[in-house]
Amino acid sequence: MLKVGLTGGIGAGKSEVSRLLVASGAVLIDADKIAREVVEPGTPGLAAVVETFGPEVLAPDGSLDRPKLGAVVFADADKLAALNAIVHPLVGARSAELEQAASDDAVVVHDVPLLAENGLAPLYDLVIVVDASPVTQLDRLVRLRGMSEDDARARMAAQATREKRLEIADVVIDNDGPLEGLSERVGEVWADLERRARA
């Protein structure tokens with residue numbers, strides 16, 4: 001089994017890269033998706049979040065109101081750390097379960113947005129960083145995700161710097177250009193991952 005960590009700044013196009021890797025045959029373990037699962041209604045994770053941040057972070061239907069919680073934690077490093085202390089261990093445990101279920105010769109891609117921030121690079125055989133310039137990231141967040149420029153800049157500032165991400169990269173996928181170039185580059189990377197998994 002080859003354990004790959006995949007990361008990239010918000011708006012860099014990491015989701016598109018993980019989609020292309022899955023289409024090639026990778027087993028994907030998506031930390032963001034798991035992070036949503038572990039705080040669904042009725043979970044111990046959601047109970048812990050409400051205990052820490054109060055019932056005002058809940059939507060009327062009892063689910064987590066992500067934008068409301070986001071507004072609270074992204075403006076305050078201590079609150080973000082408190083949220084991470086609840087969610088990260090739960091995500092780690094679930095990720096380990098999913099990894100154990102994969103076949104011995106699988107290329108298992110862990111899609112981890114905060115891989116650099118949380119010093120997780122040593123957990124993987126290889127780290128892939130999807131890279132785009134801050135100008136491209138900002139444009140995508142505002143134009144494609146409908147964020148305000150201030151919100152987009154705050155989200156970007158809450159993450160590791162581009163330099164810090166590139167420091168931990170074994171493989172860099174440049175995603176500043178058009179999508180066609182991206183598929184070709186991911187194809188090359190996939191061929192390399194398959195070779196490593198077989199080695």
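Odds and ends about this structure:
- Given [x] -0.41, -1.26, -1.34; [y] -0.32, -1.39, -1.55; [z] -0.36, -1.33, -1.41, the label whose value is log10 I(q)/I(0) by the Debye sum over Cα atoms at q = 0.09, 0.18, 0.19 Å⁻¹ derived from this model: [z]
- Angle between the chain longest axis and helix 77-100 axis [Cα atoms, degrees, rounded to 10]: 50 degrees
- Distance between the pseudo-spin-label points of Ala81 and Thr43 (7 Å out from Cα toward the beta carbon): 2.4 nm.
- Taken per residue, the accessible surface of the stretch 1-138 reaches 46 Å², heavy atoms only and a 1.4 Å probe.
- Placing a pseudo-label 7 Å from each Cα along the Cα-to-Cβ vector at Val72 and Asp105 gives an inter-label distance of 4.9 nm.
- Using alpha-carbon coordinates, inclination of helix 134-143 to the longest axis of the chain, degrees: 60 degrees
- Cα gyration tensor shape of the stretch 79-133, rounded if a/c is under 1.5, else prolate or oblate by comparing a/b with b/c: oblate
- Gain in span if fully extended, Ala157 to Asp170, counting 0.36 nm per residue against the direct Cα distance: 2.3 nm
- Share of carbon and sulfur in the accessible heavy-atom surface of the stretch 98-175 [1.4 Å probe, %]: 50 percent
- Helix-only [θ]222 nm of the chain, DSSP H runs n ≥ 4, -39500 (n - 2.57) each, per residue, nearest 500: -16500 deg cm²/dmol
- Sites Ser183 and Asp125, calculated FRET efficiency, Cβ-Cβ separation with R0 41 Å, nearest 0.05: 0.95
The values are calculated or read from the model by the stated rules, or taken from the named source; none is laboratory data. Bear in mind the structure is a predicted one, so any value in this text is a computation, not a measurement. Cβ atoms come from the backbone with ideal geometry, glycine included; neighbour counts cover every protein chain shown. The protein model used for the area step is the full one, side chains on, heavy atoms only, and it has no ligands, DNA or RNA in it. Shrake-Rupley method; radii C 1.70, N 1.55, O 1.52, S 1.80 Å.
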